[in-house]
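The block underneath contains the structure these notes are about, expressed in structure tokens.
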Amino acid sequence: MGPALALAATLMAAGVPAAEPGVTTIELLALKGFDPVSYFLKEGPRAGAARFELSWGGRVWRFASGADRAAFQGSPEVYAPRLGGFDAAGILDGRLVDADPLVFAVIDERLYLFRDAGRRARFLADPELVRQAEAAWPGLQDQLDVPFSDAPQ
């Protein structure tokens with residue numbers, strides 16, 4: 001038995017599932033690399049660093065510091081953008097629209113992203129729109145190419 005077969009036999013005996021050939025899992029970079037915790041701090045959004053990364057919800061998240069990474073790891077649902085990080089106004093229109101991570105609002109202690117300043121202003125002027133977008137979001141998740149968790153829903 002060659003070395004590769006011996007390794008495979010050892011792994012199977014140990015109960016380690018074999019990887020499917022040709023299957024590659026890709027995790028997308030969340031918030032274009034901005035630190036999600038920093039949105040809640042006085043200085044606002046900061047770029048994260050590759051050395052302070054972690055995976056959650058099918059995405060890779062970067063942080064400006066180890067402390068921010070630890071805060072996120074303890075409560076990711078608090079810091080991750082709501083509505084999968086898509087433009088909240090697009091969600092109201094029944095569409096998944098990419099958002100600009102630098103056009104944001106913290107509403108009811110949750111992070112929402114928008115495509116442009118006009119859409120952001122609309123939501124800030126009418127807090128009921130947030131509740132409507134939250135109600136619409138579960139019905140749009142089947143349109144995602146890559147599942148995303150921003151529980152609790």
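Some observations on this one:
- As for segment 43-55, it holds at least one residue that is at pLDDT below 95, out of contact with any Phe, Trp or Tyr (no Cβ under 7 Å at 6 or more places or on another chain) and open to solvent by less than 30 Å² (accessible area, probe 1.4 Å).
- Within segment 111-137, the set of residues being among the small types (G, A, S) and surrounded by fewer than 19 Cβ atoms within 10 Å (Cβ to Cβ) comprises A117, G118, A121, A125, A135, A136.
- I91 falls short on exactly one of the conditions (1) under 11 Å from A133 (Cβ atoms); (2) within 12 Å of the chain's Cα centre (by Cα); (3) not in a strand (DSSP E or B), and that condition is (2).
- Enumeration of residues in segment 94-109 that are assigned to a strand (DSSP E or B), farther than 15 Å from L124 by Cα and open to solvent by 20 Å² or more (accessible area, probe 1.4 Å): D100, L102
- The one condition in (1) of a type in the set (A, V, I, L, M, F, W, C); (2) open to solvent by less than 20 Å² (accessible area, probe 1.4 Å); (3) at pLDDT 95 or above that L140 fails to fulfil: (3)
The values are calculated or read from the model by the stated rules, or taken from the named source; none is laboratory data. All values derive from a computational prediction rather than experimental measurement. All Cβ positions, even for glycine, are placed from backbone atoms using ideal geometry, and neighbour counts span all protein chains on display. The area values use the complete protein model at the heavy-atom level, side chains included, leaving out ligands, DNA and RNA. Shrake-Rupley method; radii C 1.70, N 1.55, O 1.52, S 1.80 Å.
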